[in-house]
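Here the structure is laid out as structure tokens; the discussion comes afterwards.
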Amino acid sequence: MSTSSPLTGAFPADVRSGWSFRLKRLFDVLLALGGLAVLAPLLMAIALLVRIGSPGPALFVQWRVGVGGRLFRIYKFRSMYPDAEQRKVSLMALNEAPGPLFKLRNDPRVTPIGAFLRRTSLDELPQLWNVLVGEMSLVGPRPPLPSEVERYEPWQRERLAVLPGITGLAQVLGRSDLRSFDDIVRMDIRYIRTWSLALDFAILIKTVGAVVRARGAY
């Protein structure tokens, strides 16, 4: 369940209004509900493989920042060893991601099954629950960590004006290969300012192709 944010600074107003956004929400609910039902056997199989591959829970739960700066718990299949957060400090100097993001192409904290899940984006499937309960959308800016948002410049917070998404423009146009955080934010703002149901459909279709090619995923 989402909660009010303890983060400092101002956040943009929620821009969701009108029948088109209600249709977007209906589309999200129907697809998330159908996806969870149809993919239930796959979800259980992945959970079992994660538990067999390394000790620890099948799911990774983490606080993220949603629309208007509100915090919520995001769900993913665990792709790292249980001590990943403790080891992150020692790896910060090797960070390959732009701006406040943190990513390593060959992250030693990633388990063998986790590497496969990340490459195929199967680790993101539990976020269908976040979509179903209204904390996320199928399409939108990716939800940042609170520590990342604290480092945002004021203009970058506009990306928090809509529900975060499982996929978005940055994911289909570059995913992890994007080298400028400002470029990622500009893509998200472009999505927000030009949003339409047709754009969401186009992004979802392109997401399938990006996942199949595993382009920029790590």
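The values are calculated or read from the model by the stated rules, or taken from the named source; none is laboratory data. The structure presented is a predicted model; accordingly, all values stated were derived computationally and were not measured. All Cβ positions, glycine included, derive from the backbone under ideal geometry; neighbour counts span all protein chains shown. Keep in mind that these areas ignore ligands, DNA and RNA; they rest on the heavy atoms of the full protein, side chains included. Shrake-Rupley method; radii C 1.70, N 1.55, O 1.52, S 1.80 Å.
Val61 versus Arg151, label points 7 Å from Cα toward the beta carbon: distance in nm?
2.7 nm
Taking the Cβ of Gly35 as the center, what net charge do the other residues with Cβ under 14 Å away carry, scoring Lys and Arg +1 and Asp and Glu -1?
-2
Roughly how many percent of the accessible protein surface of region 79-153 is carbon and sulfur, given a 1.4 Å probe and a whole-percent answer?
58 percent
With every protein chain left in place, what is the accessible area of Trp129 in Å² (1.4 Å probe, nearest 10)?
120 Å²
All other residues with a Cβ under 9 Å from the Cβ of Ala161 taken together, and with Lys, Arg as +1 and Asp, Glu as -1, what is their net charge?
Once all neighbours under 9 Å are counted, the net charge is +1.
Which whole-number value in Å² is the accessible area per residue of the chain, probe 1.4 Å?
Values: 10940 Å² over 218 residues.
The answer is 50 Å² per residue.
Using +1 on the beta carbon of Lys and Arg, -1 on that of Asp and Glu, and nothing else charged, what's the dipole of the chain about the Cα centre, debye to 20? Please report the intermediate quantities before stating the final value.
On the way: 29 positive and 18 negative charges, 57 e Å.
My answer is approximately 280 debye.
Could you pull out every one of the lysines with an alpha carbon less than 28 Å from that of Lys103, ignoring same-chain neighbours closer than 8 positions?
Lys76, Lys88, Lys206
I need the shape label for region 1-145. Rule: rounded when a/c is under 1.5, else prolate if a/b > b/c, else oblate, with a, b, c from the alpha carbon gyration tensor.
Judged from the Cα gyration tensor, region 1-145 comes out oblate (a/c at least 1.5, b/c at or above a/b).
Full-extension gain between Val133 and Arg25, please, as 0.36 nm times their residue separation minus the C-alpha to C-alpha distance.
Length gained between Val133 and Arg25: 37.8 nm.
How charged is the neighbourhood of Ser79? Take every other residue with its Cβ under 12 Å from the Cβ of Ser79, and add Lys/Arg as +1 and Asp/Glu as -1.
+2
Report the label-to-label distance for Asp183 and Leu91 in nanometres (one decimal), using points 7 Å from each Cα along the Cα→Cβ vector.
With each label point 7 Å from Cα toward Cβ, the separation is 2.3 nm.
Where does the chain land at 222 nm, in deg cm²/dmol rounded to the nearest 500, when only DSSP H runs of n ≥ 4 count, each adding -39500 (n - 2.57), divided by all residues?
Helix-only estimate at 222 nm: -13000 deg cm²/dmol.
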